[in-house]
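Here's the structure we're looking at; comments come further down.
The values are calculated or read from the model by the stated rules, or taken from the named source; none is laboratory data. Not measured: the values here are computed from a predicted model. With ideal geometry, Cβ positions are generated from the backbone for all residues, glycine too; neighbour counts draw on all protein chains shown. Quick note on the areas: whole protein, heavy atoms, side chains included, nothing else; ligands and nucleic acids left out. Shrake-Rupley method; radii C 1.70, N 1.55, O 1.52, S 1.80 Å.
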2 protein chains.
Amino acid sequence: MGGDVDPISAVEFLPDPPRVRILDQTALPGEERYLELDSLDGVAEAIRTLRVRGAPAIGIAAAYGLAMQFNAPPGTKEPSQGPEVLAAFEVVAGVLAATRPTAVNLPWALDRLRRRLERWVEDPGDGRDPGTVLLDEARAIHHEDREACGAIGRCWDQIFPVPAGSGPVGVLTHCNAGALATGGMGTALAPVYAAHAQGVNLRVHVGETRPLQQGGRLTAWELTRVGIPVAVTVDSAVGALMARGRVNLVIVGADRVAANGDVANKIGTYSLAVLAREHGLPFYVALPSSTFDPATRTGLEIPVEERSETELRGTPGQRAVPESAGVWNPAFDITPAHLVTAFLTPSGVVRPPFGPSIQAITRSFAGPASGSERHE
Amino acid sequence: MGGDVDPISAVEFLPDPPRVRILDQTALPGEERYLELDSLDGVAEAIRTLRVRGAPAIGIAAAYGLAMQFNAPPGTKEPSQGPEVLAAFEVVAGVLAATRPTAVNLPWALDRLRRRLERWVEDPGDGRDPGTVLLDEARAIHHEDREACGAIGRCWDQIFPVPAGSGPVGVLTHCNAGALATGGMGTALAPVYAAHAQGVNLRVHVGETRPLQQGGRLTAWELTRVGIPVAVTVDSAVGALMARGRVNLVIVGADRVAANGDVANKIGTYSLAVLAREHGLPFYVALPSSTFDPATRTGLEIPVEERSETELRGTPGQRAVPESAGVWNPAFDITPAHLVTAFLTPSGVVRPPFGPSIQAITRSFAGPASGSERHE
């Protein structure tokens, strides 16, 4: 299941010379442009400017960017011995960690590489160099995310309503939590791809997702690419969509989920959750295990990135906001756990009470592919 | 009260030769460009393309456009005798009525001019020609709307909370229901102007109001022009604004209010109402009497304009939605009466139950300035 879809690949690692290939999402849907980034600054810039975005994809891109630095050609690459390698790691990781603050997958991926490197310093084992060790770990992160997406997709038959009559099942999503946002077929869109592969007649609704329009540009692009019908509206029309009975369920992704189940996700998610509750519609949040953050107790502790005013002000030729007015441009909002019907995870559908289930998932979640040392 | 503000004038009638002067709102906030329209097609185009917009302003512009046609230079102007003048009226009114379907003020204004002309045909009275009679009636519509705005503004001290501490009162509005949308100081913004004139420390929040950005472009422009602080967000951030405690009350305008109190207003209004209820915030709808439509029983009967997909699709150079995806672009949504805390009207603050109060307002509302023949 889910194997029938061929989702686009948002981020890849290419060897000889080592570089990170990303699909430049700022050029979509007009142009399918790939960038091959061979410098740390290039990778950091791509994350900061949302050329690559989506919490899981950011983690993978950062992991590959870091591994790339330790696989650079001889003479330019980072040191490969003892404590120096750990110090060098921190410099590189610091650049990547500073790009975006909200998605927990970014520091999670860097932390996983750090712990792998620490183990290597203690015991180099079979003599592989740090570059190889780090690249293997980054590839493992990517592989596991792809598998996690597939597992999330398999939740579809527990959440999709049996279609009444011949009409399509109306799925409302927000922003882009699809293949473009992950290492696989997406989080929120994984059940959509899986249901489509099983022949379910569905129709996806998505708001533009201002200001950067990831819904209208990216979700619409990647779904229609495989023949799934998509209708785009302005973000503020989601209430009217629900009032007209066009939505059967809501599925969104997440950038970070606190230990109590509060969800940080793209600005506007909270409004969708309140409206879904008003209309008696289920509101699902789909995520890999790495997006649960046991260290954050509630949504109040999640840092919310505020982005530049320029994203709203228009161009000098076509001002969208006068200079005299202020702009508030938060990238995310917090949806309280009580508005979430269930989490769609690689471990299956998680229903309330969330606290114990989230604790179980994060405890059993063996970060490094090579073992369960995460919570040693 | 309210006399201290000098709001911008969205629409005026200029004689010799007769023409309708409008502030082209599609050029704001970048440019304050006035258009002098001397043809029926010009006025109709200006309404259709939202160069002049806002339910009351549309009614005034249509009334002036119609009167202009009957005041054109000799040889080109409409007939001035008997039944021919009524037939000519219908042709002109038909062009204007077809421009936009949702705002009730447009057919209301045309109907008022029609009834005035019918009385003139029955009894020409002092011998004034139809052009003069129609222009006087159009001016009366404009004058009464200006007065209505002032009266709505006087509701402010019944709805503004006493500021707690030294922080500003946070007012959330949507789209533009200000001076630019009316013949006076606005509907939703009238209490804002009035409170500001009384020295109330306030801060107005407004969403961009996609797709045509009347909030970010117009409300921000007209309020900051007189020194009222405005913060613009993406439309989907209003929930986060409320969750952060930045909003004390919500005030919006209306394009049509049904006999039961259901409200048609700019797309997104319904979401604001649901979110206001979730946060325990008052949700006010401000409108002149002409926006109540006693002939429409509930919101289900209100026609909702669906505008062109092109408003969302971006430009060929910068696609915002791929060709492969559909677009749904409703201009309005319906907010059920039970979510409305009160209507702010020229007759004062109207609280539930709304039905009898709305009936009383529309019964006592003497449409034509010259008398109470409306419901003869």
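Modelled this way, with points 7 Å down the Cα-to-C-beta line, the labels at A:ARG363 and A:THR315 are 5.6 nm from one another. Summed over the residues of the protein assembly as shown and divided among them, the accessible surface reaches 36 Å² per residue at a probe radius of 1.4 Å. Counting only protein heavy atoms and using a 1.4 Å probe, what share of the accessible area of the stretch B:43-191 belongs to carbon plus sulfur, as a whole percent? C and S atoms contribute 55 percent here.
Seen against the Cα atoms of chain A and their longest principal axis, helix A:105-122 is set at about 20 degrees.
Rounded to the nearest 10 degrees, the angle from helix A:82-97 to the longest Cα principal axis of chain A is 20 degrees. The mean number of Cβ atoms from other chains found within 10 Å of a Cβ in peptide B:267-280 is 5, as a whole number. Cα centroid separation, the stretch A:318-352 to the stretch B:225-290: 19 Å. Computed from the Kirkwood radius of its Cα pairs, the Stokes-Einstein diffusion coefficient for the protein assembly as shown at 4 °C and 1.567 mPa s stands at 47 µm²/s. Across identical copies of the chain, B:GLU305 has label-point separations of 3.7 nm, listed in ascending order, with the point defined 7 angstrom from Cα along Cα→Cβ. Heavy-atom surface analysis with a 1.4 Å probe gives the stretch B:241-305 a carbon and sulfur content of 45 percent of its accessible area. Between copies, the label points at A:ARG115 (set 7 angstrom from Cα along Cα-to-Cβ) are spaced 7.7 nm, reported in nanometres from shortest to longest.
The same position A:ASP157 in the other copies lies at 6.9 nm from this copy, comparing label points 7 Å beyond Cα toward the beta-carbon, shortest first.
Measuring with a 1.4 angstrom probe and ignoring ligands and nucleic acids, A:GLU36 comes out at about 100 Å² accessible. Take the accessible area of chain B alone and of chain A alone, subtract that of the pair, and you get about 3800 Å² summed over both chains, using a 1.4 Å probe. For chain B, find the longest principal axis of its Cα atoms and tell me its angle to the long axis of helix B:354-364, 0 to 90°, nearest 10. So the inclination is approximately 30 degrees.
In this Cβ point-charge picture (+1 for Lys and Arg, -1 for Asp and Glu), the protein assembly as shown has a dipole of about 1040 debye about its Cα centre.
At the listed q of 0.13, 0.15, 0.18, 0.20 Å⁻¹, the Debye profile of the stretch A:246-328, built from one uniform point per Cα, gives log10 I(q)/I(0) equal to -0.59, -0.72, -0.86, -0.93. Need one number: the % of Cα-Cα pairs in the stretch B:173-284 sitting beyond the 24 Å mark. Summing the P(r) tail past 24 Å for the stretch B:173-284 gives 18 percent. In the context of the full protein assembly, B:GLU147 retains an accessible surface of approximately 100 Å², using a probe radius of 1.4 Å and ignoring ligands and nucleic acids.
To the nearest whole percent, what portion of all C-alpha pairs in chain A is separated by more than 35 angstrom? The answer is 23 percent, as a whole percent. Ranking of A:THR219, B:THR132 by solvent-accessible surface, largest first: B:THR132, A:THR219 (1.4 Å probe, protein heavy atoms only, all chains present).
Within chain A, DSSP assigns beta bridges of which about 50% are antiparallel (rounded to the nearest 5).
Springs join every pair of Cα atoms under 10 Å in this Gaussian network model of chain B, and among B:ALA181, B:ALA190, B:ALA27 the largest mean-square fluctuation is at B:ALA27.
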